[in-house]
Amino acid sequence: MTTTATIKKGTVTGIISNLVMAVSDAPVAQNEICYMHVGEDQLLGEIIKVIGHDIYIQCFESTRGMKVGSTIRFTNEMLEVTLGPGMLSKIYDGLQNDLKKFDSLLIKRGKRSEALDSESRWHFIPLTQPGKTVQAGDWLGEVKENAIPHRIMVPFKLTGRFKLKNLVEEGDYGINDVIAVLESEEGERVDVKLWQKWPVKKPLKGYVEKVRPFAMLETGVRIIDTLIPIAEGGTGFIPGPFGTGKTVLQHAISKQANADVIIFAACGERANEIVDVFTEFPELDDPHTGRKLMERTIIIANTSNMPVAAREASVYTAMTIAEYFRNMGLKVLILADSTSRWAQALREMSNRLEELPGPDAFPMDLTAVIANFYARAGYVFLPNGATGSITFLGTVSPSGGNLKEPVTEATKKSARCFYALSQKRADQKRYPAVDPTESYSKYLEYPEMQNYLHENISSRWIDMVIRAKDILLRGREVHDQINILGDDGVPLDYHVQFWKAEIIDFVILQQDAFDTIDAMTPMARQKYMLQLVLQICQMEFDFKDFEEVSAFFKRIINKLKQLNYTTFESEPFKKIMEEYTVIVNEKRIA
Amino acid sequence: MEYKAFQPIFYNITRINKATCELQCHMASYDEMAIIHGRLAQVVKIVGNQVTLQVFSGTEGIPTNAEVLFTGDPPLLKVSEDLAGRFLNAYGRPIDNGPEILGEPRMIGGPSINPTKRERPSELILTGIAGIDLNNTLVTGQKIPFFADPEQPFNQVMADVALRAKADRIILGGIGLQHDDYLFFKNIFENAGAIDRIVSFINTTEDPSVERLLIPDMALTAAEYFAIDRNEKVLVLLTDLTLYCDALSIVSNNMDQISSKDNMPASLYSDLARLYEKAVQFPAGGSITIIAVTTLSGGDITHAIPDNTGYITEGQLFLRRDAEIGKTIVDPFRSLSRLKQLVIGKKTREDHPQVMNTAVRLYSDSANARTKLENGFDLNDYDKRCLSYAKEYSEKLLAIDVNVGIEDMLNTSWSLFSRYFKKEELAIRQDLVDKYWKN
Ligand SMILES: Nc1ncnc2c1ncn2[C@@H]1O[C@H](COP(=O)(O)OP(=O)(O)OP(=O)(O)O)[C@@H](O)[C@H]1O
Ligand SMILES: [Mg+2]
């Protein structure tokens, strides 16, 4: 491949908001990146359609002031991210500009900032020796980045086998230093630095095998871990009307999940929510390593007021960075809030292109686009035998709260865990408002996962979970009956069944995301609580009337809730347990 | 705003709709302002030499050989201290018989704030209204709308909130305001002696509807001037954004765009977010808080306008008439302030979060009891207590005419708890019950 540096130019022929129409004499490629000149500014854009001589470009920045006849420069490249040490703790926009490097309060268009820090030095330790044969993705060495060993890998863009001619010794290097020299079979020399680039829309593979997820990803959120667990390398989504707690739930997971790297893709949502993260995370401890949470976090912030085309790019930017870390043998968790905004960005563009609209004016290929994206998650084996994973959890903001709308439906086909947030539960402040009967985790049906749970939690775990779900379901049924027939119109036992379900609801399902102790429940504690609650659900009691039933169970719930606010197995915890036992025994039939 | 004078040229107008005109021209730049037949217009689409102008005051009487002048500038507002106390129209021109505003021209609808330059909001806004302060506490830098049916007194509540909040500057954006309501705001601000703190951009129902599209951007540009250049705490009131969205849909229909749900443009979410996201807290102390009104039709919040709004704002305040007490209340179920957890229990008394949640939960139990009653069932003792509690809670705390301090609100809640409930029915942390329970 010869790279003659001819500059490919074009001319603007039309502008409708962020859609720019253009012509060019030079050949251009789909998804090729270009710069459009407006006064002093060079605006970034991407070719999204070509018809005859007409080129359609989505502009990632404001087109204000652009004129017909403005010059365009095409780059021969697709939208790429820069991958290398220094990404952790960064706050990027959807195009991987380091937002902290911009000086002004307002984001001026046409400005870029480097994704990595050219000044910083990294302590490089070689992991192999010159003379070896290597290929794309092989680990050449590592630098320590916060808590993680950041592997420096043979550039993924290289195809074929290479001889490692030269590898630097252990020492401190900047990202632009050449740390290795490779030679292709044809004798071509390739310099390797600490960074490399990759186009975001192309999956970065580099693994030998993707297997079915089999291990649980602990989140510390009881309703997820206990009832509807997500697997490491799995996918899930959280649909819910506005204000039902999608973001709070994702933030809780991002703080507590047992992952090496967390990538937070804030996609078309509120800027203040990003501020929350970058204000809190540098202070909070990672419950698994004890280091600061920010050290394992990368934020991709494309807030709702930023240009929509960049919003679409942001989820791909997040995924590509995740794939890069997965190839280091790390456990990566991506949280995307909200994937509906991404779909809406696609819709805005598709409408401007006057494409044939699908349901609700979304593009016809929405389901396929979403499916392709979710398919990039997964648990993989790397060529060197190590494993890595990307777990993806996205929120969906269904318009009008209607779960039959196209984005929810399309996502349901791709994601394996479904955490439906219910308006009713949110109104009742039963947070997190995940509907325990509507929601599901397909992973619970995987034999691999069942084995994992049996070995790691308890051999009776799945039975216990199913029992808890049955009690909840039964509670819902009898509640309906009581509403129809009245308190007196049903057997006393219905009241007991209803209140047993309420115990599970109040004590296991409901969790205060803002209480330091209740917010995170480690698995051992979840096991203890589920056992405790199932125990009381199995007991028989002696009640005179239904008023006595509710009075009794409210006292029980009150005690158990106090327990949730108390440090596990502490003295106060034991004291509450004693008081609880006294109350239980008042009514229990021995 | 005033634009550079260029030589106007006669153009051949090839298409005229209600709100837009098309003409052939080679020099237009996207988003720039033009003057067509003496009226302000903006370039909204360019395809080859075909340029579409959105004419703010409507196209009535525009001839096919109209005189057009391209200004080369996006819409501008002149900003300076002179804005204080003034009433301006959608173009930023005085409607109060005062002098023209002098100052630095700023383009409206400018770039967004770098999220990393924001500060986390943490300053309480107290309104005296318990339905807000206790249950849905507001914070500077927040954006929140009132969701209300047209007959509800949202403008009054908003004016109360504005005057009680300790803002350095209040910016009123009247979007399709009824003339009477315009006078209401004018009066109430004058009577409060607050007029110098206030800047108003007014488009009334008598003015052309497409002009409304400029009002929020004008108001927010003024707000940015006071918050950024002068470090002030600015409160922006926008009423009624439903009319803004209606104007958006008129323009997009005129441009033959495919509309999405409820005839709204597919870009509605982005259009609204662009406005609301101007709400900000800066580390230097300046802030912009946005309180808006979104009127509903028949209380339907699944309509595209309130629905998209709810997904953008940091909560919403619902007004509802409580027939039992004969007053308008702030509905505790559907209302929500998302930023309240940044301040409650931290800037307010420690028991605030739990008291608030418990009070609302008990209120929701009363709703269940009412359903039972309506279905003809006997009420048990707990149900009855809930109903009596709900009535008093509604009267003493939820009604919008309540005006007390936050400690009083908490104390009132505790007295209601102890009047109607047992300690264990509260499910509040024991240490708080021990401390605050009223015997
Ligand atoms: N686990 C929880 N504990 C306590 N409060 C919660 C919890 N989850 C949600 N809330 C309350 O609900 C509010 C809304 O939650 P959140 O911002 O997560 O909603 P959302 O579903 O992301 O809405 P949107 O779609 O508009 O972004 C929060 O501000 C908080 O007051
Ligand atoms: Mg959210």
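Taking the Cα centre of chain A as origin and charging only Cβ (+1 Lys, Arg; -1 Asp, Glu), how large is the dipole, in debye to the nearest 20?
I would put it at about 780 debye.
Share of Cα-Cα pairs in chain A beyond 35 Å, in percent?
Within chain A, distances greater than 35 Å cover 46 percent of Cα pairs.
Could you estimate the translational diffusion coefficient of the range A:209-441 from the Stokes-Einstein equation, with Rh from the Kirkwood formula over C-alpha pairs, at 25 °C and 0.890 mPa s, in whole µm²/s?
Answer from the Stokes-Einstein relation: 138 µm²/s.
In degrees between 0 and 90, to the nearest 10, how far off the longest principal axis of chain B does helix B:215-224 point, with axes built from Cα atoms?
80 degrees
In peptide A:423-432, what is the residue-averaged number of other protein chain Cβ atoms found within 10 Å of each Cβ?
3
Using only the Cα atoms of the range B:61-122, what do you get for the radius of gyration and for Dmax, in Å?
Reported Rg and Dmax, both Å: 17.1, 57.
Counting only Cα, what are the radius of gyration and maximum Cα-Cα distance Dmax of the range A:533-590, in Å?
Here Rg and the maximum Cα pair distance are 12.0, 36 Å.
Just to confirm, what accessible area per residue do you get for the range A:300-434 at 1.4 Å probe, in whole Å²?
In whole numbers, the range A:300-434 has 26 Å² accessible per residue.
Per residue and in cubic angstrom, what volume does the convex hull of the Cα atoms of the range B:76-342 have?
Output value, Cα hull per residue: 128 Å³.
How large is log10 of I(q)/I(0) for the range A:117-194 at q = 0.14, 0.19, 0.20 Å⁻¹ when the intensity is taken from the Debye formula with one equal scatterer per alpha-carbon?
These q points yield log10 I(q)/I(0) values of -0.41, -0.74, -0.81.
Straight-line reach only, C-alpha to C-alpha below 13 angstrom: list the aspartates and glutamates that residue A:587 could link to, leaving out same-chain residues fewer than 8 apart.
A:540, A:542, A:545, A:548
What order do B:235, B:124 take when sorted by accessible area (1.4 Å probe), most exposed first?
Per-residue accessible area, sorted high to low, gives B:124, B:235.
Got a sec? What order do A:484, B:46, A:457, A:51 fall in by accessible area at 1.4 Å, biggest, i.e. largest, first?
A:484, A:51, A:457, B:46
Provide, as a two-decimal number, the C-alpha radius of gyration of the range B:75-180 over 2.2 N^0.38 Å, N being how many residues it has.
Compared with the compact-globule rule of thumb, the range B:75-180 sits at 1.28.
I need to check one value: relative contact order of the range A:117-194, counting alpha carbon pairs closer than 8 Å and at least 6 residues apart, in percent.
31 percent
For the range A:217-294, what D do you get in µm² per second when you plug the Kirkwood radius from alpha-carbon pairs into Stokes-Einstein at 20 °C and 1.002 mPa s?
In µm²/s, the coefficient is 158.
Using bins 5 angstrom wide from zero, how does P(r) for the range B:352-436 break down, in % of all Cα pairs?
All Cα pairs considered, the percentages come to 3, 14, 26, 23, 18, 11, 4, 2, 0.
How big is the range B:126-229 on each of its three principal axes, counting only the C-alpha atoms and giving the largest first in Å?
40, 39, 26
Which value results when the Cα radius of gyration for the range A:11-166 is divided by 2.2 N^0.38 Å?
In units of the 2.2 N^0.38 Å rule of thumb, it is 1.33.
When the helices in chain A are scored as -39500 (n - 2.57) per DSSP H run of 4 or longer and the sum is shared across all residues, what 222 nm value do you end up with, to the nearest 500 deg cm²/dmol?
It lands at -9500 deg cm²/dmol.
Could you state the angle between the C-alpha long axis of helix B:352-374 and the longest principal axis of the C-alpha atoms of chain B, as a value from 0 to 90 degrees rounded to the nearest 10?
The angle comes out near 80 degrees.
If ligands, DNA and RNA are left out, what is the accessible area of residue B:361 with a 1.4 Å probe, given in Å² to the nearest 10?
Probe radius 1.4 Å; accessible area of residue B:361 about 50 Å².
For labels at residue A:402 and residue B:341 in the simple 7 Å Cα→Cβ model, what's the distance in nm?
Inter-label distance under the simple model: 3.0 nm.
Determine the alpha carbon to alpha carbon distance for each of B:347/B:435; A:111/A:331; A:90/A:144 and list only those over 22 Å.
Pairs exceeding the cut-off: A:111/A:331.
Strictly greater than 26 Å: what percent of every Cα pair in the range A:461-587 meets that?
Above the 26 Å cut-off, the range A:461-587 has 23 percent of its Cα pairs.
If you take the Cα Rg of the range B:171-318 and divide it by 2.2 N^0.38 Å, with N the number of residues, what do you get?
That works out to 1.07 for the range B:171-318.
With every protein chain present, what accessible area does residue A:112 have (1.4 Å probe, heavy atoms only), rounded to the nearest 10 Å²?
Residue A:112 exposes around 90 Å² with every protein chain in place.
Return the tail of the calculated pair distribution for the range B:9-70, meaning the percent of Cα-Cα pairs more than 14 Å apart.
Tail of the P(r) past 14 Å holds 44 percent of the pairs.
Mean shadow of the range A:308-365, computed from the convex hull of its alpha carbons, in nm²?
Approximately 4.5 nm², given one-decimal rounding.
What is the interface area between chains A and B, defined as buried accessible area summed over both chains with a 1.4 Å probe, reported in Å² to the nearest 100?
Separately minus together, A and B give about 6400 Å² buried.
In the full protein assembly as shown, how much of residue B:374 is accessible to a 1.4 Å probe, in Å² to the nearest 10?
For residue B:374, solvent-accessible area is about 140 Å².
Run lengths n ≥ 4 of DSSP H only: what is the helix-derived mean residue ellipticity at 222 nm for chain B, with -39500 (n - 2.57) per run over all residues, to the nearest 500?
Helix-only estimate at 222 nm: -9000 deg cm²/dmol.
Taking every alpha carbon pair in the protein assembly as shown, what does the distance histogram look like in 20 angstrom bins from 0, in percent?
12, 41, 34, 12, 1
Taking every eigenvalue of the Cα gyration tensor of the range A:312-457, multiplying by 5 and rooting it, what semi-axes result, largest first, whole Å?
With the √(5λ) rule applied to the range A:312-457, the semi-axes are 29, 23, 13 Å.
What's the FRET efficiency of residue A:567 with residue A:470 using the Cβ-Cβ distance as r and R₀ = 30 Å, to the nearest 0.05?
0.45
Return the aspartates and glutamates within reach of residue B:261: Cα separation strictly under 12 angstrom, same-chain partners fewer than 8 residues apart disregarded; answer none if there are no such residues.
Output for residue B:261: A:360, A:405, B:307.
Over the range B:50-95, consider all pairs of different Cα atoms and compute the Kirkwood hydrodynamic radius from their mean reciprocal separation; express it in Å, one decimal.
Roughly 13.7 Å, rounded to one decimal.
Give the Cα extents of the range A:8-78 along the principal axes, in whole Å, largest first.
26, 21, 17
The values are calculated or read from the model by the stated rules, or taken from the named source; none is laboratory data. Treat the numbers as computed from the prediction; the structure is a model and nothing was measured. Glycine also receives a Cβ, built like all others from the backbone with ideal geometry; neighbour counts cover every protein chain displayed. With ligands, DNA and RNA removed, areas are computed over all heavy atoms of the protein, side chains included. Shrake-Rupley method; radii C 1.70, N 1.55, O 1.52, S 1.80 Å.
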